[in-house]
Each structure stands twice: as C-alpha cells, then as structure tokens.
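**Student:** One structure coming up, written as structure tokens, with questions to follow.
The values are calculated or read from the model by the stated rules, or taken from the named source; none is laboratory data. All figures in this text were calculated on a predicted structure; none of them were measured in a lab. Reconstructed Cβ throughout: ideal geometry from the backbone, glycine too, with neighbour counts over all protein chains shown. For the accessible areas, the whole protein counts, side chains as well, though only heavy atoms, and no ligand, DNA or RNA atoms are used. Shrake-Rupley method; radii C 1.70, N 1.55, O 1.52, S 1.80 Å.
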Amino acid sequence: MSLQEEINKRRTFGIISHPDAGKTTLTEKLLLFGGAIQTAGAVKNNKIKKTATSDFMEIEKQRGISVATSVMAFNYRGKKINILDTPGHKDFAEDTYRTLTAVDSVILVIDCANGVEAQTERLMEVCRMRNTPVIVFINKMDREGRDAFDLLDELEEKLSIKVRPMSWPIGIGATFRGVYNMHRDNLNLFSGNKTEIEKDVVEIQNIEDSLLEEVIGKEDADILREEVELVNGVYGNFSREKYLSGEVAPVYFGSALNNFGVQELLDSFVEISPTPQGRMSDKGFIEPTHNKFSGFVFKIHANIDPKHRDRIAFLRIVSGEFKRNTFYKNIRLDKKVKFSNPTSFMASNKEVIDSAYPGDVIGLYDTGTFKIGDTLTEGEDFIFKGIPSFSPEIFKEVQNDAPMKTKQLEKGIAQLTDEGVAQLFTIQPGNRKVIGTVGELQFEVIQYRLKHEYNASCSFRHRSHHKACWLTAEDEEKIDEFVRRKSSNIAYDKDGNTVFLADSPFLLSQAEADYPEIKFHTTSDFKLDKKG
Ligand code: G4P
C-alpha cells in the first residue's frame with residue numbers, strides 16, 4: 001500500500017468530556033461496535049475497564065479516576081481508528097492538553113442533563129486554539145435532561161462554535177423513543193436494551209412519510225416534523241469543510257450505556273472525520289505525505305509492569321513510514337536511537353510492529369532518555385511546535401523524609417517530571433526543589449509513585465506563588481539585573497531557563513511595568529519561538 005493509501009485509511013481522535021458525562025462508556029461502546037472487544041456488558045463490569053481501557057496505573061484503579069491517557073486502535077469499515085483516551089479530571093488537564101496535540105479530531109461527550117460543564121469549556125478552548133474538528137455526542141438521552149434546542153444554544157454560546165444537529169431526539173428520559181437521522185432519513189428506535197447492538201432502524205422515504213405515524217404515533221410524528229423543520233431552518237445545511245476547519249460541530253444524540261446512537265456516531269465519524277494531518281515545526285509545516293519519517297512524543301508512561309522501571313513513550317507519527325530497528329534522530333539530544341520493540345495498541349493487546357504510518361501512535365520502550373515534546377526524525381533537523389508547558393498553579397517545596405534515600409528521591413523526581421506529571425524548579429540557596437502542578441492530586445500521585453516505584457519518601461511544604469513566568473529579553477543584562485533584585489523569587493526549570501515565581505497577579509504586573517524590556521511568558525512555547 002502506498003503512503004497516501006496508508007494515510008487515507010487512518011483516523012486518530014480523542015474523546016473528551018467533563019468527568020461522568022460518559023466518556024469511558026462511549027469509548028467502550030465504540031470498541032464494542034468496532035469489534036475490538038466482545039463483551040457487551042454494562043460499564044461497571046470492571047473487567048472491560050481494566051483490560052480495554054485506561055487503567056494502567058495502580059493508583060488509578062484505587063481512585064477510579066481515569067488518570068492515564070491511553071491509546072486504543074481498532075479496524076472499522078476498512079479504516080484504522082486510533083482513539084486516544086484523556087483524563088477528564090481537571091488536575092490532569094495538562095496531560096489532556098498534550099494528548100490533544102496528537103489527535104486530528106475530537107468527539108466531545110455532553111451529559112444531556114448537565115449541558116456544558118466547566119471542564120468541557122476548558123478542553124474546548126484547547127481545541128479552538130488548534131481549530132481541531134469536533135463532533136458532539138449528547139449522551140444519557142434515556143434520562144431526564146434538558147430541551148435539545150436549549151442544549152444546542154448553550155453549546156454555541158459557551159463553546160464559541162456553531163453546531164449542526166445530524167440527528168434529532170424524539171422525546172427524552174422516560175418518553176425517549178429514539179432519534180431521527182436527518183442525514184440518512186431513517187428512524188433509529190430506542191428499546192433500552194443494554195446488551196444488544198441496536199437493530200431497530202426503520203427506513204423511511206423522508207420526514208413526510210406516513211410510516212412515521214405508524215411507528216411513533218401521530219403526536220410524536222407531528223412534533224418531530226415541526227422540530228426538524230425548525231432545525232433545518234435555523235441551522236442550514238451541514239458543511240463538511242466547515243466541520244474540518246473547526247467552525248461547525250455536527251451533533252448526535254444517544255445513550256452510550258444503552259448502545260444507542262453509537263453506531264450512527266461511528267459511521268458518521270468514519271465518513272466525515274479528517275485523515276491524519278501534518279504538524280507545524282520550527283522549519284515550516286510537515287505534511288503527512290512527506291516521505292521521510294518524523295514524529296513527536298506527547299506522553300511518557302511509567303511502570304506498566306511495576307517490576308521494571310521501564311517507561312513507554314507515546315509517539316505520534318507525523319510523516320513518512322516508521323520502521324522497526326531503524327536509526328532515528330532524537331533532535332533534542334542530537335543522538336541516533338533505534339527501537340527493537342515498538343508496540344501498537346490494538347485495544348487491549350499490545351503487539352510489536354514492524355512499521356507504522358502518519359496518524360498512528362506507537363509505544364517506544366525507554367529507559368529514561370525521552371522527554372515530553374521530543375521530536376524524532378530520519379535525520380532532518382526540525383522540532384515540532386505546540387507541546388507547551390503551561391505555568392503551574394500550585395507550588396510546593398520537596399522535603400526529603402528519608403535522607404538515606406536521597407539518590408532515589410532525586411532520580412524519582414527527575415523521571416516523574418520528565419514524564420510530565422509535574423514541573424520541577426530549582427531554587428537557591430541549597431538547590432532546593434519546588435514542584436509545580438495544576439492540581440493537588442498530582443502531589444498525591446508523586447508521593448505514591450516515589451514510594452512504590454523508587455522507595456523514596458517525601459513531604460511537601462506549600463509555597464504561595466501565583467504563577468511561574470519564563471523570562472526572555474533582547475539584552476541578557478536586563479535579566480541578570482532582575483535576577484539580582486528578585487533573587488528570592490527566582491527559580492530555574494529543568495533546562496536551566498530562568499523563571500520568575502510571581503507571588504500574586506499584582507506583583508507580576510508590577511514586575512512587568514518595572515522591567516518593560518523583559519518578557520514574562522506563562523507557557524514554555526517561547527523556547528521554540530526563540531529558535532524558530
Ligand atoms: P466518564 O468516563 O466521562 O467519567 O463517565 P463514565 O463513562 O464513567 O460514566 C459516568 C456514569 O454515567 C456511569 O454511572 C455510567 O454508567 C453512566 N452513563 C454513561 N452513559 C450513560 C447513558 O447513556 N445513560 C445513563 N443513564 N447513564 C450513563 P455511575 O453511576 O457513575 O457508575 P456505574 O453505573 O458505572 O456504577
């Protein structure tokens with residue numbers, strides 16, 4: 001198969017939602033419809049959760065929060081579909097943001113009773129930054145929820161995106177009868193059967209077909225006709241171009257728990273979603289059809305086997321063909337590396353692969369050399385842009401509770417921060433370590449993992465900083481002067497860049513006003529800007 005054909009075959013997307021909207025349930029149902037898993041059980045049949053989805057880490061099982069991001073691939077209608085799962089919990093937002101750099105589109109799951117929630121808004125902001133195409137799935141239609149028109153208004157208002165319903169619900173909750181697919185002119189009837197793949201599809205000629213009355217009764221048929229007319233009038237025709245450019249989000253209604261609307265979603269997804277896209281590098285845009293291999297690491301996952309301290313780096317292939325046992329260049333280290341056991345993630349199985357193509361996500365075994373954001377190429381010198389670190393919001397100083405285990409602690413902290421669990425800053429005097437995160441939960445994760453994986457123990461002392469700002473200036477002298485003046489708020493990141501730990505928004509704006517020659521960056525993207 002040619003490179004172009006391999007690209008055309010692939011679809012790589014993420015499912016995002018506010019926690020509890022039904023992301024895990026929908027993921028499992030997509031795998032079920034894709035034939036990747038066989039058990040059509042209720043979600044909390046934890047067996048499925050453990051084998052098929054994202055519970056790699058012990059801590060995650062204990063908490064029941066989808067901490068890790070995982071990848072699941074399956075074949076459906078001649079396409080190879082890669083789903084990248086994302087943690088919904090806000091404390092792991094950064095992990096999710098990074099994963100979104102590796103997808104070409106997303107499915108956003110909304111709970112029909114709760115509508116747009118806090119985390120939905122934040123995640124969509126990240127999608128908007130990159131114009132990622134979005135499909136919306138309004139879930140839990142078997143439960144009492146909000147009026148469909150209200151939900152659509154809210155989506156448009158809060159997520160600043162236009163919507164286009166592709167199906168329309170008949171009733172909701174106790175009166176939910178099914179959906180009318182406007183795209184295909186058929187009725188999909190809801191039976192509330194949790195285990196069977198839905199079958200009750202009634203083909204009708206069009207919305208005026210008298211079969212409609214026969215199937216759902218006159219009253220519901222009248223309401224449906226009226227609403228569909230309104231929808232067509234208000235939302236106009238669906239434009240795939242506008243979906244692909246991130247301007248319009250097609251909307252589907254269903255109930256993941258009941259397998260309802262899932263097939264319809266999957267079929268449409270395969271039809272309209274984008275093929276693997278290229279990525280911007282510091283040397284220009286790299287097309288997927290560029291015949292030399294390139295890719296970037298967006299996630300590092302530790303200790304899938306707790307007996308070994310190996311890690312898996314998740315690499316998204318951007319261009320060309322990746323081959324096993326071939327030397328590729330890690331641009332940051334200026335070093336050639338080859339991989340004898342690259343793995344793919346076909347649902348619950350990990351298997352060694354010989355080659356992979358744009359859109360694919362592969363796992364590379366790593367003993368501690370990779371960092372988040374690393375670019376691999378066949379030798380060409382460029383770095384992919386767009387995996388920034390954001391300024392943390394919570395800062396704590398590390399206290400070593402077991403001085404005999406200092407080495408273990410240092411190694412553990414260095415590796416965990418390379419994985420992107422948190423950011424590490426060093427302050428003087430005494431090379432003290434400050435960890436910065438976006439959520440409290442990470443500190444628990446760090447403590448837990450240091451203990452279980454590195455046999456080290458530490459506690460944290462809170463530091464009251466508001467933001468970390470990376471500093472740049474045309475004239476390095478200015479930074480030196482600033483560092484001398486503000487020494488108690490100066491730290492260095494892992495790469496030795498100077499960082500100002502501002503104690504409050506007021507003190508930050510005061511520093512900006514006092515030092516107009518210095519730029520204060522709240523994301524680490526500036527590093528690439530300097531090069532690019
Ligand atoms: P998440 O990954 O987005 O956090 O959500 P998840 O799929 O875990 O679903 C959250 C809850 O919502 C689960 O119930 C799940 O069963 C339920 N759910 C998902 N889809 C539907 C749906 O279409 N209809 C209804 N009625 N419920 C749905 P739970 O009570 O939190 O847990 P459990 O039932 O799994 O014990």
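**Student:** Computed FRET efficiency, Cβ-Cβ of ASP354 and ASP310, R0 30 Å: what is it to the nearest 0.05? Walk me through the numbers before you get to the answer.
**Tutor:** Details: r = 21 Å, r/R0 = 0.70.
Between ASP354 and ASP310 the formula returns 0.90.
**Student:** Right, next: When each pair of different Cα atoms in segment 321-395 is counted once in the 1/r mean, what is the Kirkwood radius in angstroms, to one decimal?
**Tutor:** Details: mean 1/r = 0.0714 Å⁻¹.
With all distinct Cα pairs of segment 321-395 included, I get 14.0 Å.
**Student:** Kindly state, as a whole number, the per residue volume in cubic angstrom of the convex hull around the alpha carbon atoms of the chain. Numbers along the way, then the final one.
**Tutor:** Values: hull volume 82.8 nm³, N = 532.
Cα convex hull per residue, to the nearest whole number: 156 Å³.
**Student:** Further question: I need the trypsin sites (Lys or Arg not before Pro) found in segment 313-390, filtered to DSSP loop residues with at most 13 other beta carbons within 10 Å of theirs.
**Tutor:** Values: sites: ARG316, LYS323, ARG324, LYS329, ARG332, LYS335, LYS336, LYS338, LYS350, LYS371, LYS385; in loops: ARG324, ARG332, LYS338, LYS371, LYS385.
Within segment 313-390, the qualifying trypsin sites (Lys or Arg not before Pro) (loop, at most 13 other Cβ atoms within 10 Å) are LYS338.
**Student:** Could I ask something else about it? Over the chain, with the other protein chains present, what is the accessible area per residue in square angstrom, probe 1.4 angstrom?
**Tutor:** Per-residue accessible area for the chain comes out at 42 Å².
**Student:** Okay, moving on. Quick check: residue separation of GLN447 and LEU3 times 0.36 nm, minus the Cα distance between them. What number comes out in nm?
**Tutor:** Details: separation 444, 0.36 × 444 = 159.84 nm, distance 4.51 nm.
That pair, GLN447 and LEU3, stretches by 155.3 nm at full extension.
**Student:** Go through ARG98, ARG128 and list them by solvent-accessible area, largest first, probe radius 1.4 Å.
**Tutor:** Details: ARG98 20, ARG128 70 Å².
Result of the area sort, largest leading: ARG128, ARG98.
**Student:** Find, among the chymotrypsin sites (Phe, Trp or Tyr not before Pro) in segment 449-497, those assigned to loop by DSSP (not H, G, I, E, B) with at most 12 other beta-carbon atoms within 10 angstrom.
**Tutor:** On the way: sites: TYR454, PHE460, TRP470, PHE482, TYR492; in loops: none.
Listed in order of number, the matching sites amount to none.
**Student:** While we're here: Compute from the Cα atoms of segment 279-377 the Rg and the Dmax, the latter being the longest Cα-Cα distance, and quote both in angstrom.
**Tutor:** Rg and Dmax of segment 279-377, Cα atoms, are 13.0, 42 Å.
**Student:** Turning to a different aspect of this structure: Would you mind telling me the share, in percent, of accessible area of segment 123-233 contributed by carbon and sulfur at probe 1.4 angstrom? Numbers along the way, then the final one.
**Tutor:** Numbers: 2490 of 5490 Å².
C and S atoms contribute 45 percent here.
**Student:** While we're here: If you put +1 on each Lys and Arg Cβ and -1 on each Asp and Glu Cβ, how big is the dipole of segment 225-330 around its Cα centre, in Debye rounded to 20? Kindly include the intermediate steps, with their values, before the conclusion.
**Tutor:** Working: 14 positive and 13 negative charges, 221 e Å.
Rounded to the nearest 20 debye, it is 1060 debye.
**Student:** Given charges of +1 on the Cβ of Lys and Arg and -1 on the Cβ of Asp and Glu, with all other atoms neutral, how large is the dipole of segment 279-377 about its Cα centre, in debye to the nearest 20?
**Tutor:** Values: 17 positive and 11 negative charges, 61 e Å.
Dipole about the Cα centre, nearest 20: 300 debye.
**Student:** Oh, and also: Suppose the chain between ALA402 and ASP334 were pulled fully straight at 0.36 nm per residue; how much longer would it get relative to their current alpha carbon spacing? Don't jump to the answer; show the numbers that get you there.
**Tutor:** On the way: separation 68, 0.36 × 68 = 24.48 nm, distance 3.66 nm.
Result for the pair: 20.8 nm of gain on full extension.
**Student:** So, one more: Could you work out [θ]222 nm for the chain from helices alone, using -39500 (n - 2.57) per DSSP H run of at least four and dividing by all its residues? Round to the nearest 500 deg cm²/dmol.
**Tutor:** Working: 16 runs with 157 residues, N = 532.
Mean residue ellipticity at 222 nm (helix-derived): -8500 deg cm²/dmol.
**Student:** Determine how many Å³ per residue the convex hull of the Cα atoms of segment 387-497 encloses. List each step's numbers first, then the result.
**Tutor:** On the way: hull volume 11.8 nm³, N = 111.
In segment 387-497, the Cα hull volume divided by residue count equals 106 Å³.
**Student:** Full-extension gain between LYS242 and VAL202, please, as 0.36 nm times their residue separation minus the C-alpha to C-alpha distance.
**Tutor:** Numbers: separation 40, 0.36 × 40 = 14.40 nm, distance 2.99 nm.
This chain segment gains 11.4 nm when fully extended.
**Student:** When DSSP beta bridges are limited to those with both residues in the chain, what percentage is antiparallel, rounded to the nearest 5? Could you put the intermediate results ahead of the total?
**Tutor:** Values: 81 of 106 bridges.
Restricted to the chain, the bridges split so that about 75 percent are antiparallel.
**Student:** Express the carbon and sulfur contribution to the solvent-accessible surface of segment 279-377 as a percent, rounded to the nearest whole number, probe 1.4 angstrom. Write out the running numbers ahead of the final one.
**Tutor:** Details: 1910 of 4060 Å².
Of all accessible area on segment 279-377, carbon and sulfur atoms account for 47 percent.
**Student:** Just to be sure I understand the model, the point goes 7 Å from the Cα along the line to the Cβ. What's the resulting ARG77 to LYS292 distance in nm?
**Tutor:** Reported label-point gap for ARG77 and LYS292 is 3.8 nm.
**Student:** Oh, and also: What is the calculated FRET efficiency for TYR365 to GLU517, with r their C-beta to C-beta distance and R₀ = 45 Å, to the nearest 0.05? Don't jump to the answer; show the numbers that get you there.
**Tutor:** Details: r = 46 Å, r/R0 = 1.02.
Step by step, r from the Cβ atoms, then E = 0.45.
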